[in-house]
Amino acid sequence: MNSAAIDPLTDPKAYIASLVARSRAAQQAIEHYSQEQVDDLIRAMVWAVAQPGVAEEVAQFTVDETRLGNYEGKFLKIQRKTRATLADIIDDKSVGVIEEYPDRNIKIIAKPLGVIGALAPSTNPEATPVIKGIHAVKGRNSIIIAPHPRAKLTNKKICDLMRSALKRMGAPEDLVIGIETPSLDTTNELMRQCDRVLATGGGAMVSAAYSSGTPALGVGVGNAVITVDSSADLDDAAEKIRISKTLDLAASCSSDNSVLLIDEIYDDMLQRLQAQGGYVCSDEEKAKLQATLWDEELHINTAMVAQPVDRIAAMAGIEPPEGTQFLIVLEDGFGPEHPFSGEKLSVIMALYRAQNIEHAIELTRNIQAYQGQGHSCGIYSNDDDNIMKLAASTHTSRVMVNQPQAASNSGNVWNGMRQTFSLGCGSWGGNGTNHNVSWRDLINETWVSKPLAENKIVPSDEDLFGGVRDKLA
């Protein structure tokens, strides 16, 4: 069936069926590729978009089309994040026997899933297709990418670059297909017809992925909460909070939405945040921001998302001083009556005063119970007891310690987290996994089990049940 002959708007089912047929044929062509062949393909896919000259062009093109974020943030994602992700997985064994457990006499063989249906958000449309694409192909799958309509040209540009590289490597270019006329209907059809959904985007779209009838890997809502305790290096913390808060103008759901300062260092740390370009809004300015950022039903104003401070200020009718890089609103509550406690997707940060680490943990739990439960939180601290208390007592899948949250929780060169843009949030966020989603989530596994040299022995009742028997007598 010729995809070009089908109107995706009038017949989305047939249109997606034609794309899936092409994608499946391409996947079957590489199903028996060697590890070396697979790894060369993903090297080519990254080089096609991240090479000097092209990365700059893609970054500017993305900003021009989406009007979200800034050139510097887009360039870092397309030029460095894609390279770091490739480096993170290039030495992984994804073909043949990938794990062995000699003590259990078990071997695990990797096999492809088939056609991956991927959703790409408007906030990260430059690197998401590449990162999801190489994770898919690493598992010898093909991928069809459904972009947000606001980023459809960026998605086409990036997919075309990867397709050209695949073709030049002698592989089917249809290993990567981008939907060029995106709509809710085509996205829903893709999720119904593919073999595995990899969903990154708004909560409604992730919910639709889980309801599609196709096995899905989704991510929860972000709303990162950051604690700074009295043992922290305050200058380092202030700089890293600024880096995280302003990266790509807070397009990432991992941007620092709320920062909790322990009472003992509150004033000193606030001064340092101001020195980093933070401006503390008055009560009147906070009210103006709130009225501009949300409507009465707390739907976020998309015109405020990932915009420069001066544009946000102009829309809200406030006048922060020159040199302001992010806005600080003082907050003490959480929930819908305190919307600044939620995700803002903008260079606006809520600031809280916490009495001690226990109070910071309580605030974190309450803030993320409103939005962002299961996603991420962070702490600037040199006190291992405080770090582990926070980690043990919060409903979070990731705790970034002394690192800029937005640049770290999806993996970076300074930590060991898996490189991805798909962050599982566990049952807290309505997801099936807590970890950073990678190629390992995009394969089938065959477990080969041989008899043990000696049978296992079931322990005696005394050893197996211990004192429980007496308690239940």
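Where a number appears in this text, it was derived from the coordinates with a stated rule and is not lab data. The structure displayed is predicted, hence computed values, not measured ones. Virtual Cβ from ideal backbone geometry, glycine too; neighbours counted across all protein chains shown.
From least to most packed, judged by other beta carbons within 10 angstrom and beginning with the fewest, Ser254, Ser211, Ser3, Ser397 follow the order Ser211, Ser3, Ser397, Ser254. Across all Cα atoms of region 81-154, the radius of gyration (one decimal) and Dmax (whole number) stand at 15.6, 53 Å.
Legend: Rg and Dmax of region 224-411, from Cα coordinates, 15.0, 44 Å. The distance between label points at Tyr101 and Asp461 comes to 2.9 nm (points 7 Å beyond Cα on the Cα→Cβ vector). For a label point 7 Å from the Cα of Gln37 along Cα→C-beta, name the residues of region 154-194 whose backbone N is under 12 Å from it. In region 154-194, the label zone of Gln37 (backbone N under 12 Å from the point 7 Å along Cα→Cβ) covers 170-172. Computing FRET efficiency as 1/(1 + (r/R0)^6) for Lys111 and Arg67, where r is the C-beta to C-beta distance and R0 is 30 Å, gives about 0.10. In region 1-160, the convex hull through the Cα atoms has an average projected area of 11.0 nm², a quarter of its surface area. When the Cα positions of Ala391, Leu330, Ala407 are compared along the charge dipole of region 224-411, Ala407 comes out farthest toward the positive end, with charges on each C-beta of Lys, Arg, Asp and Glu. Under conditions of 10 °C and 1.306 mPa s, region 264-356 yields 116 µm² s⁻¹ as its translational diffusion coefficient, taking Rh as the Kirkwood radius over Cα pairs in the Stokes-Einstein equation. Calculated on C-alpha atoms, the gyration radius of region 96-231 divided by its Kirkwood radius gives an Rg/Rh of 1.07. Amide H contacts of Tyr380: Thr227, Val228, Asp229, Asn402, each under 5 Å away and 5 or more positions distant or on a separate chain (H built 1.01 Å from N in the peptide plane; Pro and chain starts excluded). Here region 65-116 is treated as a Stokes sphere of Kirkwood radius computed over C-alpha pairs; at 25 °C and 0.890 mPa s its diffusion coefficient rounds to 168 µm²/s.
As a check on your grasp of the helix formula, calculate [θ] at 222 nm for the chain: sum -39500 (n - 2.57) over DSSP H runs of n ≥ 4, divide by the residue count, round to the nearest 500.
-12000 deg cm²/dmol
Applying 1/(1 + (r/R0)^6) with R0 = 25 Å to the Cβ-Cβ distance of Asp11 and Asn301 gives a FRET efficiency near 0.10.
Roughly what % antiparallel, to the nearest 5, for the DSSP beta bridges in the chain?
25 percent
Applying the Karplus relation 6.51 cos²θ - 1.76 cosθ + 1.60 with θ = phi - 60° to region 296-305 yields 3J(HN,Hα) values of 5, 9, 6, 7, 6, 7, 4, 5, 8, 5 Hz, where x marks Gly and Pro. Oblate is the label for region 232-291, because the ratio a/c of its alpha-carbon gyration tensor axes (a ≥ b ≥ c) is 1.5 or higher and a/b is not greater than b/c. Residue exposure proxy: Val305, Val413, Val54, Val228, ordered by other Cβ atoms within 10 angstrom of their Cβ from fewest to most, comes out as Val413, Val54, Val305, Val228. Which whole-angstrom value gives the distance between the alpha carbon centres of region 286-308 and region 385-406? When both Cα centres are located, 29 Å separates them.
Region 408-473 and region 315-365 have Cα centres separated by 36 Å.
Estimated at 0.36 nm per residue, the fully extended path between Ala84 and Asp268 surpasses their Cα-Cα distance by 62.7 nm. The residues Tyr15, Tyr352, when put in order of fewest to most other Cβ atoms within 10 Å, stand as Tyr352, Tyr15. The per residue volume of the convex hull around the alpha-carbon atoms of the chain is 185 Å³.
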